[in-house]
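Undergrad: The following block contains the structure, expressed as structure tokens.
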Amino acid sequence: AYFALQVIYARRKYKISPPETRGHPEFERIFRAQVNCAEYFPIFVSLLWVAGIFFHQGVAAVCGLLYLYTRFKYFHGYAAAAQGRLGPLYASARLLWLLLGLAVAGLLAHFLLP
């Protein structure tokens, strides 16, 4: 919701009415950052849910909080400059891979071990 509100504020600031997605470069970066985060959100929530149920709730919660923090940093880095997104992008990708590993380990343990 925070990212969507930032897009609304940028639309007002640069006078870009929906459904337009092009205009001032700062608006375009804010818009793309929000869309990129929204694209990964279903993957994140699914992995967080499975890792929390089948592996460990606490570990999954910590990974989830770190992921949200890295996406927040990604958003603000991208809004400032396109290159500013890279560090947080790589960190959030590593956290998604970690959540995937935890989810798979939890599922394997649940279904294969007595």
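Undergrad: Please find, in a Gaussian network model of the chain (springs between Cα atoms separated by less than 10 Å), the residue of Tyr67, Tyr90, Tyr78 whose mean-square fluctuation is greatest.
TA: Of the options given, Tyr90 has the highest mean-square fluctuation.
Undergrad: Measuring from label point to label point, each 7 Å out along Cα→Cβ, what is the His76 to Ala93 span in nm?
TA: Computed distance between label sites His76 and Ala93 equals 2.3 nm.
Undergrad: Right, here's the next one. With the alpha-carbon atoms as the only input, what is the per residue convex hull volume for the stretch 1-71 in Å³?
TA: Hull volume over Cα atoms, normalised by residue count, gives 79 Å³.
Undergrad: Treating only the Cβ of Lys, Arg, Asp and Glu as charged (+1, +1, -1, -1), what charge dipole size does the chain show about its Cα centre? Round to the nearest 20 debye.
TA: Computed about the Cα centre, the dipole is about 420 debye.
Undergrad: Would you mind getting the Kirkwood hydrodynamic radius of the stretch 39-102 from its Cα pairs, rounded to one decimal in Å?
TA: 11.8
Undergrad: Net charge near Ser92, counting Lys/Arg +1 and Asp/Glu -1 over other residues with Cβ under 14 Å of its Cβ?
TA: That works out to +3.
Undergrad: Calculate the radius of gyration of the Cα atoms of the stretch 67-108 to one decimal place, then report Dmax, the largest Cα-Cα distance, as a whole number, both in Å.
TA: 12.6, 42
Undergrad: Using 0.36 nm per residue, how much length does the chain from Tyr9 to Val104 gain when fully extended, once their Cα-Cα distance is taken away?
TA: Contour length minus Cα-Cα distance gives 30.2 nm.
Undergrad: Which net charge results when you count Lys and Arg as +1 and Asp and Glu as -1 among the other residues whose beta-carbon is under 13 Å from that of Ala10?
TA: Surrounding charge for Ala10 is +4.
Undergrad: What percent does the relative contact order of the chain come to when contacts are Cα pairs within less than 8 Å and at least six residues apart?
TA: 27
FYI, it's all coordinate maths here, none of it is from the lab. All values reported here derive from a predicted model rather than from experimental measurement. Here Cβ is always computed from backbone atoms with ideal geometry, including for glycine, and neighbour counts include all displayed protein chains.
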